[in-house]
Amino acid sequence: MTVTLTLNIAATTAVSEDNTTANILVSLSAPSGKVVSFNYDMSDGTAVDGQDYTATSGTLQIPAGDNSTLIPVTLLTDNLDETTENFQINITSRTNALQGTLAGTVNISDSASTPPISEHC
């Protein structure tokens, strides 16, 4: 029996700006008997590379017998009170797996708290 493998990135991942690293799950529909490799890159949404996160690109592998790996992303903390921001991770090519979900959105929630308003009488 032949197993058809599809490569999938988490469609949406929610992280807090307080975290220094977000780990984005990339998984196979089933463990493979072969090494599965893929290229990935990142692009800005409302989050900006160098201000909110550090964009990277590269090649990762899922070893034979495994069914997932993580893409680490460095998050950058600031003191601004912001709404949730996002960026995209895209799988640009793959070997030994069919196309599945090849793009995901990472939502970064703000960690800055609004300073209290003081009233002077």
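The values are calculated or read from the model by the stated rules, or taken from the named source; none is laboratory data. Predicted, not measured: the structure shown is a model, and the values here were computed from it. The area values use the complete protein model at the heavy-atom level, side chains included, leaving out ligands, DNA and RNA. Shrake-Rupley method; radii C 1.70, N 1.55, O 1.52, S 1.80 Å.
Among the protein heavy atoms of the chain, carbon and sulfur supply 50% of the accessible surface, probe 1.4 Å, non-protein parts ignored. The structure shown yields mean projected area of the Cα convex hull in nm², and of the options (1) 8.2; (2) 9.4; (3) 7.4 that calculated value carries the label (1).
Average accessible surface for segment 1-105: 53 Å² per residue, computed with a 1.4 Å probe over protein heavy atoms with every protein chain in place. Residues whose amide H comes within less than 5 Å of that of Val35, counting only those at least five positions distant or on another chain, are Ala64 (H built at 1.01 Å from N in the peptide plane). The relative contact order of the chain, computed from alpha carbon pairs under 8 Å that lie at least 6 residues apart in sequence, is 37 percent.
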